[in-house]
1. On the basis of being crowded, with 16+ Cβ neighbours inside 10 Å, at pLDDT 95 or above and over 19 Å from G12 (Cβ atoms), does G177 make the cut?
2. Please name all residue pairs, on different chains or six or more residues apart, with Cβ atoms under 7 Å, provided the first residue is in the stretch 244-258 and is not assigned by the TED database to the domain that holds V171 and the second residue is among the hydroxyl-bearing types (S, T, Y) and open to solvent by 30 Å² or more (accessible area, probe 1.4 Å).
3. Quick one: which strands (runs of 3 or more DSSP E) lie wholly within the stretch 47-151 and hold at least 2 residues that are within 24 Å of R31 (Cβ to Cβ) and small (G, A, S)?
4. Is it true that some residue in the stretch 57-79 is modelled with pLDDT of 95 or more, among the basic types (K, R) and buried (at least 21 other Cβ atoms within 10 Å of the Cβ)?
5. Just for the stretch 236-256: of the residues that are closer than 15 Å to H188 by Cα and of a type in the set (A, V, I, L, M), which one is most open to solvent (accessible area, probe 1.4 Å)?
6. Would you be able to say whether some residue in the stretch 82-103 is more than 20 Å from K161 (Cα to Cα), modelled with pLDDT of 95 or more and open to solvent by less than 20 Å² (accessible area, probe 1.4 Å)?
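The values are calculated or read from the model by the stated rules, or taken from the named source; none is laboratory data. Just so it is clear, the model here is predicted, and its values are computed rather than measured. With ideal geometry, Cβ positions are generated from the backbone for all residues, glycine too; neighbour counts draw on all protein chains shown. What goes into the accessible areas is simple: the full protein's heavy atoms, side chains included, and nothing from ligands, DNA or RNA. Shrake-Rupley method; radii C 1.70, N 1.55, O 1.52, S 1.80 Å.
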Amino acid sequence: MRLAGKSALVTGAARGIGAAIAQALAAEGARVLVTDIDGNGAAAVAASIGDTSRAMALDVRSEAEWDAAIDAATAHFGGLDILVNNAGITGFEAGPVAHDPEHASLADWRAVIETNLDGVFLGCRAAIRAMRPAGRGSIINISSRSGLVGIPAASAYAASKAAVRNHSKSVALWCAGQGLDIRCNSVHPAAILTPMWEPMLGDGPEREANMAALVADTPMRRFGTVEEVAAVVVMLSSDECRYMTGTEITIDGGLLAGSAASPAVAD
């Protein structure tokens, strides 16, 4: 029980990586407030965890809803020790739309930035204020491999995730400068098998071939799992990592290490 006695708030936790993070934190003893703009989905995840979890709807773009979420964490758990800013959008949720640097509309650009960056800013601000009385805590911002490289066809998403990476460092330095033991780190997943990928994979005989093609450039030649991301978040949430702040961890199967490894050739 590495997180026994700690309380956590996870955003975008109705499914995928967020749900896995909420479940992993709870499995290690944390009391978890599961939040998502999909309140019903958040409630289902909280129900799967049990009595140590609560759920509420949270639109991360709203200052008022952040205030309500922090109030709920304080009311249910007596404070906040861990915040995981996981909520985010790609900009393609409603279907194909131009997100390249030449054709993206300002409205589509702003929609991605508002959720992915403004939401993280508001979450970090709220968490610092909530954690200040105890003088300690851990903020984990879920960025992306796309925040470390350019993505021409998803420029708003890449820009927002790059900003999350940098803002995490600013938060870490601010808290340290204030004499607070509040840490802030970013996590950068690449191809993690979540519902977002399902339209590209299909469910017929071509599924395995589609999966292989999508990770052909990844040295480990497979998708990552949501549990593998959640394990890193648990580590960063725990007191094992109290000297880690302002850092970034990639979870990408070796993708950013360089070119894909060539299969070994037997003699």
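1. No: the conditions fail for G177.
2. Sorted first by the residue in the stretch 244-258, then by its partner, the pairs are L256/T250.
3. Values: elements: 53-57, 82-85, 136-142.
Filter on the stretch 47-151 gives 53-57, 136-142.
4. No, the stretch 57-79 has no match at all.
5. Per the criteria, the residue is L256.
6. Yes, because at least one residue in the stretch 82-103 is more than 20 Å from K161 (Cα to Cα), modelled with pLDDT of 95 or more and open to solvent by less than 20 Å² (accessible area, probe 1.4 Å).
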